[in-house]
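Participant: Below is one structure. I have some questions about it.
The values are calculated or read from the model by the stated rules, or taken from the named source; none is laboratory data. Owing to the predicted nature of the structure, the values given are computational and were not obtained by experimental measurement. Counting neighbours? That spans all protein chains shown, and the Cβs are built from the backbone with ideal geometry, glycine included. SASA here: full protein model, heavy atoms, side chains in, ligands and nucleic acids out. Shrake-Rupley method; radii C 1.70, N 1.55, O 1.52, S 1.80 Å.
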Amino acid sequence: MEKYHVGQLSQGIRIELHYLPSLTYFTALLPFDTVWLEAAEHYGKQSYRNRCYVLTANGIDRLTVPVRNGTHKQSIRDVQIDDRQAWTDRHWRCLVTAYSKAPFFEYYADELEAVFRRKWVFLFDLNLELLTLCLKWLRWQKTLLMTKAFEKQAGSGVLDAHGQIADRNDAQNGRFYRPVSYQQNFGNVFVPDLSILDLIFCQGTAATDVLKQSLNP
């Protein structure tokens, strides 16, 4: 479901699309009914737009979606996935190895695998599909809207989170996220701010409760 808005954005939060977003991302979305997805920005290299982090038996693993010639001058909606690399197989194998024994993996695995088995051309479309799926699993009712033009200022009534979620362990993420531990699949030391998949596979329907506790007031 796409809607376009002419002029200043109204109400809600503005944020870019990430690949299987982090807990910081979802705590940022949590208080808002309306989410303005930034669809008119330029692609940003070295960002969450095409990467996420998961926890494996060997520690933290970074999963990256390869893109074709992604540059800072390229519209985010034009960025194509590099299908010459078998990235879907690598990502799915990693997730199965890391989480197949997690308490709730089996409840969500089929839907997620179906996404990975589809032929994706554009990174934006993949990220939107995965965000929609994660919101469904969390049972969050959010209205997702697309921006039509890039605006330096989001407008009154809109929390502008565009570009505000940095890589893991960046201090600015504390604007949204305050780590609250939960039982993870590996190790005795809690690893904060991984992909939302880590929380959902390990906590299932209790994931929202953890995110509410993690919301920085």
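Participant: Please arrange D209, D61, D125 by accessible surface area, largest first, computed with a 1.4 Å probe and ligands excluded. Write out the running numbers ahead of the final one.
Facilitator: Values: D209 85, D61 35, D125 65 Å².
Order by accessible area, largest first: D209, D125, D61.
Participant: What whole-number value in Å² describes the accessible area per residue of segment 12-214 for a 1.4 Å probe? Provide the component values of the computation, followed by the final result.
Facilitator: Details: 9280 Å² over 203 residues.
Per residue, segment 12-214 has an accessible area of 46 Å².
Participant: Let me ask another. Would you mind getting me the FRET efficiency between K148 and D125? Use the beta-carbon distance for r and R0 = 22 Å, nearest 0.05. Write out the running numbers ahead of the final one.
Facilitator: On the way: r = 17 Å, r/R0 = 0.78.
Calculated transfer efficiency: 0.80.
Participant: How far is the Cα center of segment 136-211 from the Cα center of segment 44-80, in Å?
Facilitator: Answer, in whole Å: 17.
Participant: Using a simple spin-label model with points 7 Å from Cα along the Cα→Cβ vector, what separation in nm is obtained for R175 and S47?
Facilitator: Result: 1.3 nm between the two label points.
Participant: Sorting H42, H18 by accessible area (1.4 Å probe), largest first, what list results? Each step should come with its number before you reach the end.
Facilitator: Values: H42 105, H18 5 Å².
Reading off the accessible areas and sorting them downward yields H42, H18.
Participant: Using the Cα atoms as the points, what is the convex hull volume per residue of segment 129-217 in Å³? Please list the in-between numbers first.
Facilitator: Details: hull volume 11.8 nm³, N = 89.
Per-residue hull volume (Cα only) is 133 Å³.
Participant: I need the semi-axes of the equivalent ellipsoid of the chain: take the C-alpha gyration tensor, multiply each eigenvalue by 5, square-root it, list largest first in whole angstrom.
Facilitator: In descending order, the three semi-axes are 26, 21, 16 Å.
Participant: Mind grabbing the accessible area of W92 for me, 1.4 Å probe, Å², rounded to tens?
Facilitator: Here the accessible area works out near 20 Å².
Participant: To continue, here is another question. For the chain, please report how many Lys pairs fall under 18 Å Cα to Cα, leaving out neighbours fewer than 8 apart on the same chain.
Facilitator: Total qualifying Lys-Lys pairs in the chain comes to 7.
Participant: Divide, for segment 79-158, the radius of gyration over alpha carbons by 2.2 N^0.38 Å, where N is the residue count. Numbers along the way, then the final one.
Facilitator: Numbers: Rg = 16.1 Å, N = 80, 2.2 N^0.38 = 11.6 Å.
For segment 79-158, the normalised Cα radius of gyration is 1.38.
Participant: With each pseudo-label sitting 7 Å past Cα toward Cβ, what's the T56-R84 distance in nm, one decimal?
Facilitator: Once both label points are built, they end up 2.4 nm from each other.
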